[in-house]
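**Student:** Here it is, the structure, as structure tokens.
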Amino acid sequence: MNIVFLNTLEKNSGDQQVISAQVSIVEEQGIWSVYWSEPDLTGKLTQDEWFQGISWDEMLFAFRQGLREKIRSGFRPLVHTELDLTQGLSGKAKMTQMLTYYCEENPNEEVFESLRAWRREQAAREKKAPYILATNRVLRMISVFLPQSKEELQQIPGFGEQKTAQYADQLLGRIGECTRTNGFPLDWVANYVDTMKFEGWLLAQKEQKLRIELDREVSKRKLLEIVSGGGSLADLQANLTMPRRELLLWVEDLDREGYDMDPLVEAELSSISEEEQIKAWNAYESEGDRYLKPVLKSLIGTEELKGKELDRAYEWLRLLRLRFRREKERNAIQAAS
């Protein structure tokens, strides 16, 4: 048995005594285990198994999640790790997180919804995605801190000079009549926030992020298994419950990372005639492979596709493009050698 990680944590019990516990990660013949050892009320050492299995990612998630729960209950590691979240944050990053936390704890929903309505309208006028104008976090900060000038608006993290120049008049007009209890600069937030509650919030944020990462890793393994087994987009959609467009974006990302997506390409192109594939391939060579619309236009001419027919055409063209780009890369390498 190999001990890969061991750390001691201590907790004040409330009667001027300290409880000492240990967390460990061990490996034996490819099996990972995570243990928590802590004395019970009689002083006898008890051991809880948090995880046992072959997956490194799942083991790491169980370790981090369990350790976070213990830190929330008052334990502190003698050797600092990545879980001392505020230790790893720069002054600016820590302040941004603190402002975000304060706004979540003290929301101004009426103003926030008004700002979201402005963002929807403005994004529609500019034909942009709403988040490009401002994220929910930025709008939340504006709604809570209520800047009253362009200079104050620029102090909101994520809202720089360019966006201030573009949207300050509209935003300030929306919130100009609102009354605020605190002003700028926002240094006062650091004194207002409860440090322990803030650290607990940071732990919850990181835990959520890790859970999302683990879920994605599990889904990735499932996707690769289905693809290697000759599965189709319909199979991926049924197993992963994701929109087909989102699945295609992910397939393209994995292809760029070097994973073999050809079984999926083969499965999806089996229903497309060789003549259409050759015509599309030639269109990629003449029109380039950056945009799909010119390629589709060269295939259908003046004919209009709508709904599912249009979606299906774009799907197989995107998959054929993966094959085209790989061929182009191979040719470039051969030409250079």
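The values are calculated or read from the model by the stated rules, or taken from the named source; none is laboratory data. All values derive from a computational prediction rather than experimental measurement. Every residue, glycine as well, gets a Cβ built from its backbone with ideal geometry; the counts of neighbours run over all protein chains shown. For accessibility, only protein heavy atoms count, side chains too; no ligands or nucleic acids. Shrake-Rupley method; radii C 1.70, N 1.55, O 1.52, S 1.80 Å.
**Student:** Provide the net charge surrounding F184, with neighbours chosen by a C-beta distance below 14 Å and charges set as Lys +1, Arg +1, Asp -1, Glu -1.
**Tutor:** With Lys, Arg at +1 and Asp, Glu at -1, the net is -1.
**Student:** Take the residue pairs K127/K150; K94/K206; K70/K197; K163/K197; K220/K279; K222/K306 and return only those whose Cα atoms are more than 21 Å apart.
**Tutor:** Those over the limit are K127/K150; K163/K197; K220/K279; K222/K306.
**Student:** On the accessible surface of the chain, probed at 1.4 Å, how many percent belong to carbon and sulfur atoms?
**Tutor:** The C+S portion of the solvent-accessible surface of the chain is 48 percent.
**Student:** Within region 119-174, list the trypsin sites (Lys or Arg not before Pro) lying in a DSSP loop whose Cβ has at most 12 other Cβ atoms in a 10 Å radius.
**Tutor:** K127, K128
**Student:** Along Cα→Cβ, 7 Å out, is where each label goes; now give me the distance between the ones at T135 and E69 in nm to one decimal.
**Tutor:** Once both label points are built, they end up 3.0 nm from each other.
**Student:** Amide H to amide H under 5 Å from V4: which residues, 5+ apart in sequence or cross-chain, H placed 1.01 Å off N in plane?
**Tutor:** So V4 has HN proximity to I25, V26, E27.
**Student:** If you build a Gaussian network model of the chain, linking Cα atoms that sit under 10 Å apart, which residue out of L305, L317, L224 swings the most?
**Tutor:** So, out of L305, L317, L224, the one fluctuating most is L305.
**Student:** Follow-up question, since we're still on this one. Please work out how much accessible surface S73 shows to a 1.4 Å probe, ignoring ligands, DNA and RNA, in Å² rounded to 10.
**Tutor:** 60
**Student:** Here's a follow-up. What does the charge dipole of the chain about its Cα centre add up to, to the nearest 20 debye, if the Cβ of each Lys and Arg holds +1 and the Cβ of each Asp and Glu holds -1?
**Tutor:** Dipole about the Cα centre, nearest 20: 960 debye.
**Student:** What FRET efficiency, computed as 1/(1 + (r/R0)^6) with R0 = 51 Å and r the Cβ-Cβ distance, is obtained for N191 and L249, rounded to the nearest 0.05?
**Tutor:** About 0.70, to the nearest 0.05.
**Student:** Follow-up question, since we're still on this one. Taking R0 as 45 Å, what FRET efficiency do you get between D311 and E151 from their Cβ-Cβ distance, rounded to the nearest 0.05?
**Tutor:** 0.40
**Student:** Further question: I'd like to know how region 1-146 sits against the 2.2 N^0.38 Å rule of thumb: what's its Cα Rg over that expected value?
**Tutor:** Here the Cα radius of gyration is 1.54 times the empirical estimate.
**Student:** I need the GluC sites (Glu not before Pro) found in region 107-183, filtered to DSSP loop residues with at most 14 other beta carbons within 10 Å of theirs.
**Tutor:** Here the sparse-neighbourhood loop sites are E177.
**Student:** Got a sec? Which residues in region 302-332 would a label at Q237 touch, if it sits 7 Å along Cα→Cβ and we count backbone N under 18 Å?
**Tutor:** 306-320
**Student:** Then there's this: Roughly how many Å is it from the Cα centre of region 310-324 to that of region 140-175, as a whole number?
**Tutor:** With region 310-324 and region 140-175 each reduced to a Cα centre, they are spaced 42 Å.
**Student:** For a quick check of your reading of the filter: which chymotrypsin sites (Phe, Trp or Tyr not before Pro) in region 271-322 sit in a DSSP loop and have no more than 14 other Cβ atoms within 10 Å?
**Tutor:** Those satisfying the criteria are Y291.
**Student:** With equal scatterers on the alpha carbons only and no solvent term, can you work out the Debye log10 of I(q)/I(0) for the chain at 0.07, 0.13 1/Å?
**Tutor:** Log10 of I(q)/I(0), two decimals: -0.53, -1.12.
**Student:** Towards the positive end of the charge dipole of the chain, with charges on Cβ (+1 Lys, Arg; -1 Asp, Glu), say which of C103, L60, L186 has the farthest Cα.
**Tutor:** So the residue furthest toward the plus end is L186.
**Student:** Further question: Once the convex hull of the alpha carbons of region 260-334 is built, what does its volume come to per residue, in cubic angstrom?
**Tutor:** Residue-normalised Cα hull volume stands at 97 Å³.
**Student:** So what is the 222 nm mean residue ellipticity for the chain from helices alone, if each DSSP H run of at least 4 adds -39500 (n - 2.57) and you divide by all residues, rounding to the nearest 500 deg cm²/dmol?
**Tutor:** -19500 deg cm²/dmol
**Student:** Take each uninterrupted DSSP H stretch in the chain, measure its Cα extent along the helix axis, and return the ones at 20 Å or beyond whose mean Kyte-Doolittle hydropathy is at least -1.0.
**Tutor:** Once both thresholds are applied, what remains is 56-72, 91-105, 195-228.
**Student:** Hey, another quick one. Please check which bits of region 300-331 a label hung off A123 would reach, taking the label as a point 7 Å along Cα-to-C-beta and the cut-off as backbone N under 11 Å.
**Tutor:** What the label zone holds, given the 11 Å backbone N cut-off, is no residue at all.
**Student:** Another one. Which order do S13, S55 take when ranked by solvent-accessible area (1.4 Å probe, heavy atoms of all protein chains), largest first?
**Tutor:** Result, largest first: S13, S55.
**Student:** When the dipole is taken about the Cα centre of region 204-337, and only Lys, Arg (+1) and Asp, Glu (-1) are charged at their Cβ, what size is it in debye, to the nearest 20?
**Tutor:** Value, rounded to 20: 460 debye.
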